[in-house]
Amino acid sequence: MSVTAPQGFRAAGIVAGLKNSGARDVALVVNDGPSRAAAAVFTRNRVKAAPVIWSEQVIRGGRVHAVVLNAGGANACTGPAGFQDTHATAETVAEVLGDSAGEVIVCSTGLIGERLPMDKLLPGVAAAADELSRTDGGLAAADAIRTTDTVAKIAFRQGEGGYRIGAMAKGAGMLAPSLATMLCVITTDADLDAGRLDRALRSATALTLDRLDSDGCMSTNDTVLLMASGASGITPDEAEFTALLTDVCADLTRQLLVDAEGASKAITIEVVGAANDFDAVMVGRAIARNNLLKCAIHGEDPNWGRVLSAVGTTEAVFEPDELNVAINGVWVCRNGSFGDDRDKVDLRPRDVTITVDLSAGPNSATVWTTDLTADYVHENSAYST
């Protein structure tokens, strides 16, 4: 029920020796067609990893035959040599598939600032090609791309008429295409051209993966790739396909959220009453990135003043004396001042919902984040050593 659930796809995940743990670390997903239409979104960080620079060029053609992914090294900030390594990786995939490197997407994840061990990676690519399978390759591939993830993350949906969408993702910190060490591969056997895939993907990620903001840190490697084989022969309505794709991305978003590094709370931030969508998302992100609030939620303290403080750092349209805040359904702040007794708020459950009413218009948005814990600090305090 992963990337090989749709017809026309094979995948593999193997051990190449890039991870010190000896776990799987190289994945390969191949589109056997008949179509090779594809779309992708990438990090908006100006410092981009070599695989992102390469893949941005590839996706301009709107066709992808295969994607190769490695954990155990990000191949970011590695200069011209790192780009040559990415090119060599794509060339190796092309060689084993008998095709062009110009239709091979490359993704990497791991430590920034070190060259990949190509003497291990390239043989690993060839080994992955030998293991390509539709039956169990999808789960192996999802396992191979994990870094600090505790579980593999996969999703599957079936659309009207029988076409399918399958997906896998990795990420346990900095989670969103613009803010993540996140890699995501989505496959479908629907028959859609690159233009429609691009519109659907951008719409879906804008409402889901791009609003998952665990710590506000922007990575160098984020890639979300959508490939269509057309093998079902079904061309769904674009709106229907976009809705189903959004559901798949929402599923992955939830999985990424609950597996975030060190998190003990999964926090949903609902911003309503905004003058426009931009304001709603801006306010949601400001709240999601407020470390004082994240610490309070970890300590199960419904400190709503920290919510108002975060809202006040934005340029959104609102009047301070018209703000309302609820935490887990209790309106602890009304009209910019105290509301219901904060002692009524139960923050013991893992899931926490913060609702902010800006009282400025009809628009709304949801952003997801996590609490700030000692475990998160510990996990990220010595990552490179």
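Of the residues making up the range 150-160, just one is assigned to a strand (DSSP E or B) and among the polar types (S, T, N, Q), namely GLN158.
Here is a yes/no grid of residues against (1) modelled with pLDDT of 95 or more; (2) closer than 27 Å to MET218 by Cβ; (3) open to solvent by 10 Å² or more (accessible area, probe 1.4 Å); (4) part of a loop (DSSP other than H, G, I, E, B):
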{"position": "VAL93", "(1), (2), (3), (4)": "yes, no, no, no"}
{"position": "ALA128", "(1), (2), (3), (4)": "yes, no, no, no"}
{"position": "ALA141", "(1), (2), (3), (4)": "yes, yes, no, no"}
{"position": "THR148", "(1), (2), (3), (4)": "no, yes, yes, yes"}
{"position": "GLY162", "(1), (2), (3), (4)": "yes, no, yes, yes"}
{"position": "ILE165", "(1), (2), (3), (4)": "yes, no, no, no"}
{"position": "ALA172", "(1), (2), (3), (4)": "no, yes, no, yes"}
{"position": "ALA180", "(1), (2), (3), (4)": "no, yes, no, yes"}
{"position": "GLY195", "(1), (2), (3), (4)": "yes, no, yes, no"}
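Could you please give the count of residues in the range 330-352 that are surrounded by 15 or more Cβ atoms within 10 Å (Cβ to Cβ) and under 25 Å from the mean Cα position of the chain (by Cα)? Looking only at that region, the number is 1. Among the criteria (1) farther than 22 Å from ALA204 by Cβ; (2) without any contact (Cβ under 8 Å) to a residue 60 or more places away in the chain, the one VAL58 does not fulfil is (1). Within the range 263-309, the residues that satisfy the criterion of being among the acidic types (Asp, Glu) and either in a loop (DSSP other than H, G, I, E, B) or touching a Cys at 6+ places or on another chain (Cβ under 7 Å) (or both) are GLU300, ASP301. Residue pairs whose Cβ atoms lie under 6 Å apart, sitting 6 or more positions apart in sequence or on different chains, and linking a residue in the range 15-27 that is more than 20 Å from ASP136 (Cα to Cα) to a partner that is among the acidic types (Asp, Glu) and open to solvent by 20 Å² or more (accessible area, probe 1.4 Å), do not occur here.
Taking the condition in contact with a Pro (Cβ under 6 Å, 6 or more places away or on another chain), assigned to a helix (DSSP H, G or I) and surrounded by 20 or more Cβ atoms within 10 Å (Cβ to Cβ), does THR253 pass? Taking the combined requirement at face value, the residue does not satisfy it.
In the set (1) touching a residue at least 60 places away in the same chain (Cβ under 8 Å); (2) among the polar types (S, T, N, Q); (3) open to solvent by less than 40 Å² (accessible area, probe 1.4 Å), ASN276 fails one condition alone, (3). Could you look through the range 328-358, keep only residues that are in contact with a Phe, Trp or Tyr (Cβ under 6 Å, 6 or more places away or on another chain) and part of a strand (DSSP E or B), and pick out the one that is farthest from GLY273 (Cα to Cα)? Looking at the filtered set, the residue picked out is VAL332.
For every residue, the table says whether it meets (1) within 22 Å of THR43 (Cβ to Cβ); (2) touching a residue at least 60 places away in the same chain (Cβ under 8 Å); (3) hydroxyl-bearing (Ser, Thr, Tyr).
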site	(1), (2), (3)
ASP222	yes, yes, no
ALA228	no, yes, no
ALA239	no, no, no
LEU244	no, yes, no
ASP259	yes, yes, no
GLU270	no, yes, no
VAL281	yes, yes, no
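How many residues are touching a strand residue (DSSP E or B) at 6+ places or on another chain (Cβ under 6 Å) and either part of a loop (DSSP other than H, G, I, E, B) or of a type outside the set (Gly, Ala, Ser) (or both) if we restrict to the range 223-244? Matching residues across the range 223-244 total 7.
Could you tell me whether GLY124 is assigned to a helix (DSSP H, G or I) and buried (at least 18 other Cβ atoms within 10 Å of the Cβ)? Here the answer is yes, as GLY124 does meet what is asked.
If you go through the range 286-305 and pick out every residue that is out of contact with any Gly (no Cβ under 7 Å at 6 or more places or on another chain), open to solvent by 40 Å² or more (accessible area, probe 1.4 Å) and closer than 24 Å to ASP210 by Cβ, you end up with 1. Being part of a loop (DSSP other than H, G, I, E, B), under 22 Å from ALA23 (Cβ atoms) and at pLDDT below 95 is a property that does not hold for LEU116.
So that you can scan it fast, the table gives a plain yes or no per residue for (1) part of a strand (DSSP E or B); (2) open to solvent by 50 Å² or more (accessible area, probe 1.4 Å); (3) of a type in the set (Phe, Trp, Tyr):
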| site | (1), (2), (3) |
| --- | --- |
| ALA16 | no, no, no |
| SER21 | no, yes, no |
| ARG24 | no, yes, no |
| VAL30 | yes, no, no |
| GLY33 | no, no, no |
| ALA40 | yes, no, no |
| LYS48 | no, yes, no |
| PRO51 | no, no, no |
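The values are calculated or read from the model by the stated rules, or taken from the named source; none is laboratory data. These numbers were taken from a predicted model, which means no experiment stands behind them. Methodologically, a virtual Cβ is constructed for each residue, glycine included, from the backbone with ideal geometry; neighbour enumeration extends over all protein chains shown. With ligands, DNA and RNA removed, areas are computed over all heavy atoms of the protein, side chains included. Shrake-Rupley method; radii C 1.70, N 1.55, O 1.52, S 1.80 Å.
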